[in-house]
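Peer 1: Sending over a structure as structure tokens; questions will come in a sec.
The values are calculated or read from the model by the stated rules, or taken from the named source; none is laboratory data. Bear in mind that the values here come from a model prediction, so they are computed numbers and not experimental data. Every residue, glycine as well, gets a Cβ built from its backbone with ideal geometry; the counts of neighbours run over all protein chains shown. Just the protein is used for accessible areas: all its heavy atoms, side chains included, with ligands, DNA and RNA removed. Shrake-Rupley method; radii C 1.70, N 1.55, O 1.52, S 1.80 Å.
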Amino acid sequence: RQTAPEPVDLTALVADCVRGFAETGHAATLGSAPPVTIPGHPTSLRRALTNLIANAVHYGGQAEVTLEQAPDRVAIHVRDTGPGIAPDRMDEVFQPFVRLEGSRNRATGGVGLGLAVARQIARAHGGDVTLSNRAGGGLEATLSLPRNG
């Protein structure tokens, strides 16, 4: 049973997630992050964001995180400088248990649930997770959420 949404200081939550990765030796930085509060579920939002940052540092070597406001939405961008994803496989990575790297060795990463879980959480909040390859190389994952539930 889902609890009622509560006000979430998204800026503080994003900063805390990034700090957690940086403090454990990962290349995670927070750029532009204006103050924004949205209705939501902080535990699940933290999990979604943690999954996106973990993917960026694991597969892309680093995570540059920014928060962007629009009148009705807020977007959290997680950018890396890794190899990106072939355009014809973009949708595939959101399927549970799909991992794109050649090995299926569990030691090289998770079980392929990170993006599926992140998208599921975003959609439960009325938002989404999208991926796009960056012009200069790397991948950008965007977690977009409505400003008011």
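Peer 1: Which peptide among 70-77, 35-42 comes first, and what is the full order, when sorted by highest mean count of other Cβ atoms within 10 Å?
Peer 2: Working: 70-77: 14.9, 35-42: 16.9.
Highest to lowest by the protection proxy: 35-42, 70-77.
Peer 1: In the chain, with Lys and Arg counted as +1 and Asp and Glu as -1 at Cβ, which of these residues, V98, V14, S144, has the Cα nearest the positive end of the dipole, that is, farthest along it?
Peer 2: Farthest towards the positive pole: V98.
Peer 1: Taking only protein heavy atoms into account and a 1.4 Å probe, give the accessible area per residue of the chain in Å².
Peer 2: Value for the chain: 52 Å² per residue.
Peer 1: Give the residues of region 122-149 whose amide nitrogen is closer than 16 Å to a point set 7 Å from the Cα of M90 in the direction of its Cβ.
Peer 2: 128-144
Peer 1: A further question follows. Taking the Cα centre of region 1-95 as origin and charging only Cβ (+1 Lys, Arg; -1 Asp, Glu), how large is the dipole, in debye to the nearest 20? Intermediate results must be reported in sequence, preceding the final value.
Peer 2: Values: 7 positive and 11 negative charges, 40 e Å.
Here region 1-95 has a charge dipole of around 200 debye.
Peer 1: For the chain, which whole percent of the accessible surface, found with a 1.4 angstrom probe, sits on carbon and sulfur atoms? Working shown, then result.
Peer 2: Details: 4090 of 7800 Å².
Carbon and sulfur atoms account for 52 percent of the accessible area of the chain.
Peer 1: If I take every Cα pair under 8 Å that is 6 or more residues apart in the chain, average their sequence separation and divide by the length, what percent do I get for the relative contact order?
Peer 2: 24 percent
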